1. In segment 59-70, what residues are part of a loop (DSSP other than H, G, I, E, B) and under 15 Å from residue 33 (Cβ atoms)?
2. If residue 71 passes every condition in (1) at pLDDT 95 or above; (2) within 16 Å of the ligand (Cβ to nearest atom) but one, which one does it miss?
3. Any residue in segment 75-84 that is within 14 Å of the ligand (Cβ to nearest atom) and either without any contact (Cβ under 8 Å) to a residue 40 or more places away in the chain or in contact with a helix residue (DSSP H, G or I) (Cβ under 7 Å, 6 or more places away or on another chain) (or both)?
4. Pull up segment 245-289, narrow it to residues that are under 22 Å from the mean Cα position of the chain (by Cα) and hydroxyl-bearing (Ser, Thr, Tyr), then point me to the one that is modelled with the lowest pLDDT.
5. Can you give me the number of residues within segment 1-33 that are closer than 21 Å to residue 166 by Cβ, more than 16 Å from the ligand (Cβ to nearest atom) and small (Gly, Ala, Ser)?
6. Residue pairs, Cβ under 7 Å, 6 or more apart or interchain, first in segment 221-233 and touching a residue at least 12 places away in the same chain (Cβ under 8 Å), second outside any helix (DSSP H, G or I). List them.
7. Residues that are away from the ligand (no atom under 16 Å from the Cβ): which helices (runs of 4 or more DSSP H) entirely in segment 89-167 hold 3 or more of them?
8. Go through (1) at pLDDT 95 or above; (2) of a type in the set (A, V, I, L, M); (3) buried (at least 16 other Cβ atoms within 10 Å of the Cβ); (4) assigned to a helix (DSSP H, G or I) one by one and return the number of the condition residue 84 breaks.
Amino acid sequence: MAEFAHLPERLYLDFDSFFASAEQHFNPTLRGKPVGVVALDSPHTGCIAVSREAKVRGVKTNMPAREARTILPDMTFVVARPDVYVRLHKRILEVIETVVPIQHVRSIDEVVCALLPSEARQGLALAARIKKALLLEFSPVLTCSIGIAATELLAKLAAERHKPDGAVLLETRMLPSFLADLKLGKLPGIGEGMLVRLKAAGVYDFSGLWDLAPKQARAIWGSVEGERFLQELHGTHAPRDQTQKRMFGHSRVLPNDWRSPDRVEDCARQLLASAARRLRRTDLRASKLTLAMRSQRLRSTREKSAQAQRWTWEGQFQPSRDDLSFGRALSKGLGAARAQMRFAPASVSVMLHGLEAEGDITGDLFAAQSGDTRDQARWENVSNMMDDLRSRFGGKALSLGQHEKVPGGFVGGKIAFGRIPEAGDFEDAPTEDGDTHFCSF
Ligand SMILES: [Mg+2]
């Protein structure tokens, strides 16, 4: 692993002036113009987003609309349409995932991707492919800034470095000079309070921060978090949960009309198909499958202990990477769910784990000539071929058997549901994409 220690294996993607760009995307008459997005049709409210045309002419995000109008008399104001932005967000995730899987959705306009070594080596060419895919699907106004670096923190800082429409490959050897002029307050996680503590410890700029010893960082932060931050800054992953096992999995929150056994099973099969495709992008095999369901979506840990019911099933099998082996395991799990589960699930998750690298597998898997083994080899070829077709013709090109479209239409990277509302969360009738809500002032 040491040779990969500093490969730029995180890609951070941040859309530029997202809400304003979205309005310009859906309404071409707004393109090239200063646009402010406000929460209410009132000149006294602040701009929750302003277009790049407004930014270059001195208008800032959060500025009251009236003040912005004073600076730019020609500025157009529109009322925010969250349901439209969420729908666009979901389409964007799908497009990004045609190029590279998303590891985490950090906000409605920011995602991080964990790159395989082969992807990391593509560097800026990978960023260009993502931008090209987005351009093909959307319009030139919907731009993003991409940072590629060894850790998520560095990749995010790299993306910030060149906005709008930037792409920056930040190699660890470019540090600390590349970020030397970065104001400490611009670093994620460094707020007013932390700035005061850093100053008290004699840290005034990025270089000072860079030079801290881990022990000092821990003392300033008052916790191991300081050391973790410093590690990420120096290009070494410092995940919060060190005990997290490697796995490929997906989970899904189910709307009320998707809680019948048939639909839950349909959803689980789609989640499995997506997890299996991701596994096959590596040289790993999985030997365990976990199927889990919850009676409600968790909003807090307190709720977890108080009310939520959880049902979990784990199946074990020969190390595999084909859809048939995984499908058989899932069928067993779903059978168990039908027999045992006593609640209508509000969320379902499928995880492939017990991972083994190709070279690690010994025993009779390849030596045996049983029908099962031949079958498995054949199904591996079929699975690989289907992945290949999907990558060329799109994810919905083919699948094993019929299935209904999963609500939200997106079975891919894990979405932070807690932060990004679902379509069903909006009480009003959905707004048409092109139905711009112009302000009256
Ligand atoms: Mg943004």
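The values are calculated or read from the model by the stated rules, or taken from the named source; none is laboratory data. Note that the structure is predicted; figures quoted are calculated from it, not measured. Virtual Cβ from ideal backbone geometry, glycine too; neighbours counted across all protein chains shown.
1. Selection gives 59 alone.
2. Looking at each condition in turn, residue 71 falls short on (2).
3. For segment 75-84, residues within 14 Å of the ligand (Cβ to nearest atom) and either without any contact (Cβ under 8 Å) to a residue 40 or more places away in the chain or in contact with a helix residue (DSSP H, G or I) (Cβ under 7 Å, 6 or more places away or on another chain) (or both): absent.
4. 282
5. 1
6. Every condition considered, the pairs that remain are 228/238; 229/189; 230/212; 231/238; 232/151; 232/238.
7. 117-120, 124-137
8. (1)
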